[in-house]
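Colleague: First, the structure itself, so that you have it in front of you.
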Amino acid sequence: MNPRRKKRLSIALVIIIGLGSVTGLVLYALKQNIDLFYTPTQLIEGLGEDKIKPVIGQRLRIGGLVMPGTVKRNLEDLKVRFVLSDDGGGLVTLEYEGILPDLFREGQGIVAQGVLKSANVITATEVLAKHDEEYMPSEVAEAIKGIKHMKPEYGNETK
């Protein structure tokens, strides 16, 4: 092989190895920002054919319906605790500190983002309520087929 071809080959190899390394580092960095979506049943039973469960401390998103009668508000601060469900029978408790969306109510479909605190308790950092009676994320709609929306009831605050 003549020196000119050797030089071109070595430059091409360095570029390919460099691009591969950069791609690997970017994917590794992004891995920490991926939030997987779960329904309450998938969180408890596991996701997919292998029934993979999230580990405690993992960031995730969860969607379902707020169970009627489960919203408990602390009267001294903005802490609220409620239970999410879907048609699979899974029940997951969410703890949230902050102002809930105006459309949040019992029997309403929500999506929450947070950190898994224990096997069925999530500390939410963000709670999103659907914006009208017709809209629901496709994952949540598939998971909660057959569950009816409930009108909100007021006056069940606890201290």
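The values are calculated or read from the model by the stated rules, or taken from the named source; none is laboratory data. This structure is a prediction, so every number in the text was calculated from the model and none was measured. Glycine gets a Cβ as well: all are built from the backbone with ideal geometry, and neighbour counts include every protein chain shown. To get the accessible areas, we keep the full protein, side chains included, count just its heavy atoms, and leave off ligands, DNA and RNA. Shrake-Rupley method; radii C 1.70, N 1.55, O 1.52, S 1.80 Å.
Colleague: Remind me, relative contact order of segment 37-129 in percent, using alpha carbon pairs under 8 angstrom and six or more residues apart?
Modeller: On the way: 213 pairs, mean separation 28.4, N = 93.
Relative contact order for segment 37-129 comes out at 31 percent.
Colleague: Using θ = phi - 60° and the Karplus relation 6.51 cos²θ - 1.76 cosθ + 1.60, list the HN-Hα couplings for segment 115-124 in order, rounded to whole Hz, with x at every Gly or Pro.
Modeller: Running phi through 6.51 cos²θ - 1.76 cosθ + 1.60 with θ = phi - 60° gives 10, 5, 8, 8, 4, 9, 10, 10, 8, 7 Hz.
Colleague: Could you do me a favour and compute the accessible area per residue for segment 37-129, 1.4 Å probe, result in Å²?
Modeller: Each residue of segment 37-129 exposes 49 Å² on average to a 1.4 Å probe.
Colleague: Between R73 and L36, take the C-beta separation as r, use R0 = 25 Å, and let me know the FRET efficiency to the nearest 0.05.
Modeller: Working from the Cβ atoms, E equals 0.30.
Colleague: Each residue of segment 99-111 in order: what ³J(HN,Hα) in whole Hz does its phi give by Karplus 6.51 cos²θ - 1.76 cosθ + 1.60, θ = phi - 60°, with x for Gly and Pro?
Modeller: 8, 7, x, 4, 7, 5, 6, 5, x, 9, x, 9, 10
Colleague: Still on this structure: Set the bar at 24 Å for Cα to Cα. Now go through K31/K51; K31/K72; K51/K117 and name every pair that lies beyond it. Please list the in-between numbers first.
Modeller: On the way: K31/K51 20 Å; K31/K72 34 Å; K51/K117 19 Å.
Result: K31/K72 exceed 24 Å.
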